[in-house]
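The values are calculated or read from the model by the stated rules, or taken from the named source; none is laboratory data. Not measured: the values here are computed from a predicted model. Methodologically, a virtual Cβ is constructed for each residue, glycine included, from the backbone with ideal geometry; neighbour enumeration extends over all protein chains shown. Ligands, DNA and RNA are stripped out before the accessible areas are found, and what is left, the full protein with its side chains, is counted by its heavy atoms. Shrake-Rupley method; radii C 1.70, N 1.55, O 1.52, S 1.80 Å.
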Amino acid sequence: MAPTNDNVSEILIDKVADWLMRTSLSDAPLETIVKGFCERLAAAGLPLMRVHLSFSMLHPLYDALGFTWIRGKGVEVSGLRHEELALNPERFLQSPYYYLLNNNLEHVRRRIYQDTPSEFPIFDDLKEMGPPTIWPSCSRSAPIPVTAWSVPGRRIVTAASPTM
């Protein structure tokens, strides 16, 4: 497999994969895993700017938990509370994840232009990081339900749902 960027080391990417497998099987906190994974990918030469991982959960207070890593800023952990979703259902209903799940799609690719409104409000928020390509993707067999990442000049957003 040829590298996608001359600065990306396949050997280091393999080492990241080995680290991720070992660490995921340990009792390391998710925040540590997300931060370590992103920082190792960036160090291997992948030009990541932002990575987001979120998943739904069965919890008395929260519907979902999210981790957002931004280069140079670390990881921010956020939870979506039941009452937040009840008060503002549009947040989810206008998301690319809802679109994918509602239309039973595996992949959708969107090019985002700086001078035109985006199909999904979150894409307009991401425009501030530069001219992106957004590529939402849904995988029902993914062990981690929702992931997203962006690189300079293009963004990749991957959405996945738990097995349905």
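Can you confirm whether the range 31-50 contains a residue that is in a strand (DSSP E or B) and under 16 Å from the mean Cα position of the chain (by Cα)? The answer is yes; a qualifying residue exists.
Within the range 65-105, the set of residues being assigned to a strand (DSSP E or B), hydrophobic (A, V, I, L, M, F, W, C) and either open to solvent by 50 Å² or more (accessible area, probe 1.4 Å) or touching a Pro at 6+ places or on another chain (Cβ under 9 Å) (or both) comprises 70, 77. Scanning the range 19-45 for residues that are open to solvent by less than 40 Å² (accessible area, probe 1.4 Å) and either under 17 Å from residue 70 (Cβ atoms) or out of contact with any Lys or Arg (no Cβ under 7 Å at 6 or more places or on another chain) (or both) returns 23, 28, 33, 34, 36, 38, 41, 42, 44, 45. With respect to (1) under 29 Å from residue 32 (Cβ atoms); (2) in contact with a helix residue (DSSP H, G or I) (Cβ under 7 Å, 6 or more places away or on another chain); (3) free of Cβ contacts under 8 Å to residues at least 24 places away in the same chain, the lone exception for residue 70 is condition (2).
Summed over the range 32-77, residues that are of a type in the set (A, V, I, L, M) and in contact with a Ser or Thr (Cβ under 6 Å, 6 or more places away or on another chain) total 5.
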